């Protein structure tokens, strides 16, 4: 039996999975990844913690299985800059949630044609992406600026940093899907863009080489005496799209975690959204190119964590479904904009809000309304994707921890009037990049991978159109109030 290793270097943990030559899940191992918050709005990680968690997640698995290929996905826009001569980080890992790039976006906005930027990158000018935070970093650190000018600095998202370390500092690479999250990459030409490099103060020397998402890229040395061949690279949400077997245009998935991230495969041609979504590379290699519509919701699991840790309304996040079902006040509405409103609104400074409170309101009502608010945000993005695609998707595939919340999944199915299918493989991200490595190294076809996909639960709509309309009207009133307060 041949085995493939998938590494998901995520925001809160690194997870490694092993799949067999039949694309079946065998075993997983996860290691938590700490973060620090040195200033309001700043989110950082220690680059060596990232490297350590990858090694620790992989170690027991490669001792037990003979690995034929490795796939590696990363947490997206998070990046590190290091000195390639000494190997020492010049910055912390600056996480995708970090807001220090906001002032850079404000400073350069007058010099940027937003429509031209969208045409070139599929993105908008926002601190979510790597480039604004990169510019902030060198503008505020003379030593970093000097290292860049002297050609010593190297830039990389989390997989680039780890691969560089595990390849004896030989491989400085990324793939098109990850590059498309930096705001430095032309998704039409599939190359770094010189105008954007100039805008944000980057150079080609500092950036990794772009290699195909699938195909042999080099060997990784995990210290077990047997270097392992790297065959797949993807950004995390695209890995989940692949893991959910969304290989055809119109197929979509939602991955729940800290936030909720929805992607819809739109095929081999770059197309822009007319409804507040981003366009991103799904994957690219010699025989396969796919783009995707992308709608990010930054707060999902984080909202339930807030209810648990900050408000003390829950003993643990897993209790949220049962607690929500105890709610007796349907008038409470929560807009969970705890980190602004991302797609399709893009109001980074918006604040969360509660409406409809009374003297009789209880924690269960706020928990229920928060889960409802998460569902409404998912609804908004799915509707925007359907409008861009010109058709409603056949169903919604979901994965990630909160997809195990029956209350939340049923509410989403009811709002969308759509079947919600929960992936049996909760680790769709790590499974996705492992399956892509298996496709590359072992020749497993996309048709076979699609046939292997299974659901562990399916939620059917249960409410009528009148009730759906009533719920949406209440939500839209609350949402408009949040927007007015923001303005």
- Could we say that residue 102 is farther than 21 Å from residue 235 by Cβ and either under 21 Å from the mean Cα position of the chain (by Cα) or crowded, with 22+ Cβ neighbours inside 10 Å (or both) here? yes
Quiz prompt | Residue in the range 413-420 that is surrounded by fewer than 24 Cβ atoms within 10 Å (Cβ to Cβ), outside any strand (DSSP E or B), at positive phi and modelled with pLDDT of 95 or more present | solution = yes
- [ ] Kindly establish whether residue 77 is in a helix (DSSP H, G or I) and either free of Cβ contacts under 8 Å to residues at least 12 places away in the same chain or within 30 Å of residue 342 (Cα to Cα) (or both).
- [x] no
Checked the range 4-31 for anything closer than 16 Å to residue 302 by Cα and in contact with a strand residue (DSSP E or B) (Cβ under 6 Å, 6 or more places away or on another chain); matches are 13
Flagged pairs (Cβ under 9 angstrom, 6 or more apart or on separate chains; first in the range 1-24, at negative phi and free of Cβ contacts under 8 Å to residues at least 24 places away in the same chain; second crowded, with 24+ Cβ neighbours inside 10 Å and in a strand (DSSP E or B)) are 20/4
Within the range 261-299, residues being under 14 Å from the mean Cα position of the chain (by Cα) and at pLDDT below 90 number 3
Per the filter on the range 366-406, residues in contact (Cβ under 8 Å) with a residue 60 or more places away in the chain and in a loop (DSSP other than H, G, I, E, B) are 391, 393, 394, 400, 405
(message) residue 321 - would you say it is in a strand (DSSP E or B) and either farther than 17 Å from residue 436 by Cα or under 16 Å from the mean Cα position of the chain (by Cα) (or both)?
(response) no
In the range 448-477, anything in a helix (DSSP H, G or I) and within 19 Å of residue 395 (Cα to Cα) is listed as 449, 450, 451, 452, 465, 468
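The values are calculated or read from the model by the stated rules, or taken from the named source; none is laboratory data. The shown structure was predicted, so the numbers you read here are calculated from the model rather than taken from an experiment. Neighbour counts are summed over all protein chains in view; Cβ atoms, including those assigned to glycine, are modelled from backbone coordinates with ideal geometry.
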